[in-house]
Amino acid sequence: MDDVIKIRGKRKLKGEVTVSSCKNSVVAILPSVVLASEIVKLYDVPDIKDVQILIKLLEKLNIKVSADDDELTIDPTGIRNVDLLDEDVMKLRASYYFMGALLGRFKHVKMYSPGGCNLGPRPIDLHLKGFEALGAKIRQDGNIIEIDAEELTGDDIYLDFASVGATINIMLAACFARGRTTIENAAKEPEIIDLSSMLNKMGAQIRGAGTSEITINGISRLKGCIHDIIPDRIEAGTYIIAAAACGEDVTVRNVIPQHIEALTSKLEEMGVKLEQGSDYVRVFEAGKLKAVDIITQPFPGFATDLQQPLTALMTRAEGDSHVEETIYVDRFRHCNELNLMGANIEAGSGKSVIHGPCELHGTDISATDLRCGASLVIAGLMAEGETIIHNAYHIYRGYESIVEKLRAIGADIE
Ligand code: EPZ
C-alpha cells in the first residue's frame, strides 16, 4: 500500500459511510484465542495492519487461521507455546495481550516487550503487578520479558490507573487461575465488555465488565464460540468529525451512539447539527462553530483517541479551544503538522490551545501516529489546495479502507 495519502480539500462530503469492527476490541480478542481449546469464529474482522500482524503471531504459535472474506476461523487445537521473539511483536502495543493469554493458559511466556504508537512513555507496570498478584514471577532482560508461575491463584488487584490494557491482560491471565480474582478500578471501555462477553460465551466466568469492579472465577478450559465484534467507536467518531468539518449531509452507519456520547455532546456544544438513530449518526452541514474545551478521560469520558481528530475541527471554530490530555501527556505531535497547514495551535505539557478560526492550506505533512494521521486527513479535507500526508502506514493500522470510504462520500483523495 502506497505510503502517501493525497487530498484535494474543500469538497463537500455527502452520503453514507459504514464503520468497521473495533480495532481495540479485535486486537484483544485475537490473542485471547490462545485460551480456547476449540475453534473460534469471528465475523466482520477489519482488514487492518494490526490484525494482519496478530494473525502472523497466532500462526507462530501453530494456531491455524483461515479467512473467508471478513470472517476468520481460528483453530487453536494445535497450539505450541513457542517464544514470541519476533520483531512483529514490537510493531504494535496490543501484542502484549499474548502475555496474559499465554501466562493464563501455560503459566509461562517469553516474548519481546510491545511497541505501538509513539505517545510518550507507555509502561506496562500495572500489567506486571497484576500478574505478580496472581503468583507469577517476572524476569526482564533488555527487551525480552519472561513470566512464569507454578500456580495462578486468584487475588484482589487494585489498578492505580484504570488502564485498558492492564484490565484486559489481567482478565486473560486470571481465566484459569484457582479461585476468584477481583480487579478494582478496572477500565470500563466497551472493548472490555466485548471481550468479556466473548470469553463468557466460551465458558469463562467474568462479571462486572464495563464497571470499575470486575470479578473472574477461574475455570479449567474454554470452548470455542462464534463472535461478532462491536463497531469501532473511534473510527465512527473520526468520520463524524470529518462530516462536521466539511460535510453537507453524511450518515455514519454501524455506530453505537452510547459509545461516543462524550463526542456527540461536545460537537453539539460547538453548534454541529446531528441526528442520532439506534445504529447511525447523521451529520448536517455546519455553519459557524463555537470554540469548546475538552479534557480526555477514561471511558465514558472524552476519548483520548479522539482529541487529535477533534483538534483539526477546532481550527475552524470561532475563539480559543482548550484541550487537556490526562491520558497521554505527549499526544500533541499532530499540532506541529496542523500549524504547517496554517493552524494556530500552542501545545505543551499535557495541554493545547487552538486559536480559531483559521483557514487551512494544503502542504506536505507527516503522520506521526495513528490518530495524528486521522487528524491530518480531516485537516486535508478542510484545507484549500492539495495536502500530502507522508507515513500514511500509521493510518492504515486502524482505519480499514479509509481512502475508499472517504472517496465514496465525495472526497478527492488517493
Ligand atoms: C488502549 O491503550 C488503546 N490501545 C489506546 O488506543 C487508547 O488510547 C488507550 O487504551 C486509552 O483509551 C489499544 O486498545 C490497543 P491504557 P492502552 O493502559 O491499553 C498508563 C489507538 O489510537 N499506563 O489505558 O495502552 C499509560 O502510560 C490507541 O487506538 C501505565 O502507567 O492504554 C497511559 O498514560 C492509542 N502503566 C495510560 O495509563 C500501565 O501498566 C493509559 O494507558 C499501563 C498504562
query: When V283 is evaluated against the numbered criteria (1) farther than 25 Å from K12 by Cβ; (2) assigned to a strand (DSSP E or B); (3) not acidic (D, E), which criterion, by number, is the only one it fails?
result: (1)
message: Tell me yes or no: at least one residue of the range 16-23 is under 23 Å from G277 (Cβ atoms) and over 22 Å from the mean Cα position of the chain (by Cα).
response: yes
message: I want to confirm something. Restricting to the range 175-201 and keeping residues that are over 20 Å from E235 (Cβ atoms) and touching a Lys or Arg at 6+ places or on another chain (Cβ under 9 Å), which single residue is most open to solvent (accessible area, probe 1.4 Å)?
response: K201
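Filter the range 163-174 down to residues that are open to solvent by less than 10 Å² (accessible area, probe 1.4 Å) and among the aliphatic types (A, V, I, L, M) and give me whichever is farthest from the ligand (Cβ to nearest atom).
My answer is A174.
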- prompt: Going through the range 320-336 one residue at a time, which ones are outside any loop (DSSP other than H, G, I, E, B) and open to solvent by less than 30 Å² (accessible area, probe 1.4 Å)?
  reply: S321, V323, H334, C335
- request: Output yes when any residue across the range 308-315 is open to solvent by 10 Å² or more (accessible area, probe 1.4 Å), within 19 Å of A383 (Cα to Cα) and either more than 15 Å from the ligand (Cβ to nearest atom) or in contact with a strand residue (DSSP E or B) (Cβ under 7 Å, 6 or more places away or on another chain) (or both), and no when none is.
  value: no
query: Would you pick out the residues in the range 350-367 that are of a type in the set (S, T, Y) and open to solvent by less than 30 Å² (accessible area, probe 1.4 Å)?
result: S352
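Among the residues of the range 220-234, how many are in a loop (DSSP other than H, G, I, E, B) and over 11 Å from D194 (Cα atoms)?
Restricting attention to the range 220-234, the residues satisfying the condition of being in a loop (DSSP other than H, G, I, E, B) are 220-221, 223-224, 229-230, 232.
Checking the rest, the ones that are also over 11 Å from D194 (Cα atoms) come to 220-221, 223-224, 232.
Summing the residues that are in a loop (DSSP other than H, G, I, E, B) and over 11 Å from D194 (Cα atoms) in the range 220-234 gives 5.
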When residues of the range 277-288 are limited to those that are free of Cβ contacts under 8 Å to residues at least 40 places away in the same chain and surrounded by 14 or more Cβ atoms within 10 Å (Cβ to Cβ), the one farthest from the ligand (Cβ to nearest atom): F284
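Could you go through the range 379-386 and let me know if any residue there is of a type in the set (A, V, I, L, M), assigned to a loop (DSSP other than H, G, I, E, B), buried (at least 18 other Cβ atoms within 10 Å of the Cβ) and touching a Ser or Thr at 6+ places or on another chain (Cβ under 9 Å). Before the answer, list the steps.
Restricting attention to the range 379-386, the residues satisfying the condition of being of a type in the set (A, V, I, L, M) are 379, 381-383.
Keeping just the survivors that are assigned to a loop (DSSP other than H, G, I, E, B) gives 383.
From what's left, buried (at least 18 other Cβ atoms within 10 Å of the Cβ): 383.
Checking which are touching a Ser or Thr at 6+ places or on another chain (Cβ under 9 Å) leaves us with 383.
Yes.
Wholly within the range 96-196, which helices (runs of 4 or more DSSP H) include no fewer than the required count, namely at least 3 residues that are more than 27 Å from I55 (Cβ to Cβ)? Talk me through it step by step, then tell me what you get.
Working: elements: 97-106, 125-133, 164-174.
Once the helices (runs of 4 or more DSSP H) in the range 96-196 are filtered for at least 3 residues that are more than 27 Å from I55 (Cβ to Cβ), what remains is 125-133.
A347: small (G, A, S), farther than 30 Å from S21 by Cβ, more than 16 Å from the ligand (Cβ to nearest atom) and open to solvent by 40 Å² or more (accessible area, probe 1.4 Å), yes or no? Walk me through it before giving the result.
Working: small (G, A, S): yes; farther than 30 Å from S21 by Cβ: yes; more than 16 Å from the ligand (Cβ to nearest atom): yes; open to solvent by 40 Å² or more (accessible area, probe 1.4 Å): yes.
Considered against the rule, which asks whether it is small (G, A, S), farther than 30 Å from S21 by Cβ, more than 16 Å from the ligand (Cβ to nearest atom) and open to solvent by 40 Å² or more (accessible area, probe 1.4 Å), A347 comes out as yes.
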- request: Identify all residues within the range 119-162 that are within 16 Å of the ligand (Cβ to nearest atom), open to solvent by 20 Å² or more (accessible area, probe 1.4 Å) and not aliphatic (A, V, I, L, M); write none if there are none.
  value: G120, P121, R122, P123, D125, K129, E132, Q140, Y158, D160, F161
- prompt: On the given criteria, is F106 modelled with pLDDT of 95 or more, within 14 Å of the ligand (Cβ to nearest atom) and not small (G, A, S)?
  reply: no
- prompt: Considering only the range 9-49, how many residues are touching a Gly at 6+ places or on another chain (Cβ under 7 Å) and within 24 Å of N391 (Cα to Cα)?
  reply: 4
task: May I ask you to list the residues in the range 289-315 that are touching a Lys or Arg at 6+ places or on another chain (Cβ under 9 Å) and part of a loop (DSSP other than H, G, I, E, B)?
output: V292, P298, F299, P300, A303
message: Suppose the filter is open to solvent by 30 Å² or more (accessible area, probe 1.4 Å), within 18 Å of the chain's Cα centre (by Cα) and at pLDDT 95 or above; does E261 pass it?
response: yes
- line: The lone condition V19 fails out of (1) of a type in the set (V, I, T); (2) within 16 Å of the ligand (Cβ to nearest atom); (3) open to solvent by less than 10 Å² (accessible area, probe 1.4 Å); (4) free of Cβ contacts under 8 Å to residues at least 40 places away in the same chain is (4)
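The values are calculated or read from the model by the stated rules, or taken from the named source; none is laboratory data. Fair warning: this is a prediction, and the values are worked out from it, not measured in the lab. Here Cβ is always computed from backbone atoms with ideal geometry, including for glycine, and neighbour counts include all displayed protein chains. Side chains included, ligands, DNA and RNA excluded: accessible areas come from the protein's heavy atoms. Shrake-Rupley method; radii C 1.70, N 1.55, O 1.52, S 1.80 Å.
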